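See structure below.
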């Protein structure tokens, strides 16, 4: 039985990694390009991996996403900032690993505090989504402030307002999508795979 469970988990991990690779390279499957910014939906797959398989696998799938982000920034950038910002592993990879790891930790650590599984999934999805938005934008602000100001044609002083606008227009819809969609996917996976620890 243990061998079968390991095989199932390996298969789920492989499928999620394959989905991430396809999403990383295909506009409108993992991200929606909107000029200078991209609305991300790929983080949903990372959060699903974190909830279904645990923080370690969430971090692994996040790592694959980060590497895919860097490859896309080098080979098929969708905005002027991509080549400069997302070729940097600190911005392209680190936040993606954190998304998977933190979502998995939140889901596991709230098991005894929140009885409703769907609520735990929604909370983990919300934390994962916020981690992606806030850490990526925070690192961009810290490391590439002048490049961002130039790309958005604003002064450095007005950059915080631009970042808050991105949080409102991209981050909040991404958060809402994660909180709604992730629990539906995870519940379906758990129902189909009763042996998974949930």
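No lab work stands behind these numbers, since they all come straight from the coordinates. Since this is a predicted model, take the numbers as computed values, not measurements. Because the Cβ atoms are built from the backbone with ideal geometry, glycine has one as well, and the counts that use them run over all protein chains shown.
Starting from the Cα of residue 111, step 7 Å along the direction of its Cβ; do the same at residue 7; then give the gap between the two resulting points in nm.
A separation of 2.5 nm, rounded to one decimal place.
For Kirkwood radius over Cα pairs in Å, which listed value, (1) 17.1; (2) 18.3; (3) 17.5, comes from the coordinates shown?
Identified label for the calculated read-out: (1).
What number, in percent, do you get for the relative contact order of region 31-149 if the mean sequence gap of Cα pairs under 8 Å and at least 6 apart is divided by its residue count?
Here the relative contact order equals 28 percent.
Mind giving me the FRET efficiency for residue 191 and residue 167? R0 is 35 Å, r the Cβ-Cβ distance, nearest 0.05 is fine.
The value I calculate is 0.55.
Which angle between 0 and 90 degrees, to the nearest 10, do you get for helix 55-75 versus the longest principal axis of the chain when only C-alpha atoms count?
30 degrees
Quick check: from the Cα gyration tensor, does region 124-198 come out rounded (a/c under 1.5), prolate or oblate?
prolate
Please compute the length gained on full extension between residue 181 and residue 83, using 0.36 nm multiplied by the number of residues separating them and subtracting their Cα-Cα distance.
Here the segment from residue 181 to residue 83 would lengthen by 32.2 nm.
So how do 148, 164, 70 line up by other beta-carbon neighbours within 10 Å, fewest first?
164, 70, 148
So what is the 222 nm mean residue ellipticity for the chain from helices alone, if each DSSP H run of at least 4 adds -39500 (n - 2.57) and you divide by all residues, rounding to the nearest 500 deg cm²/dmol?
-24000 deg cm²/dmol
Need one word for region 36-138: rounded, prolate or oblate. Basis is the Cα gyration tensor (sqrt eigenvalues a ≥ b ≥ c); a/c below 1.5 gives rounded, then a/b vs b/c decides.
Prolate, because a/c is 1.5 or more and a/b exceeds b/c.
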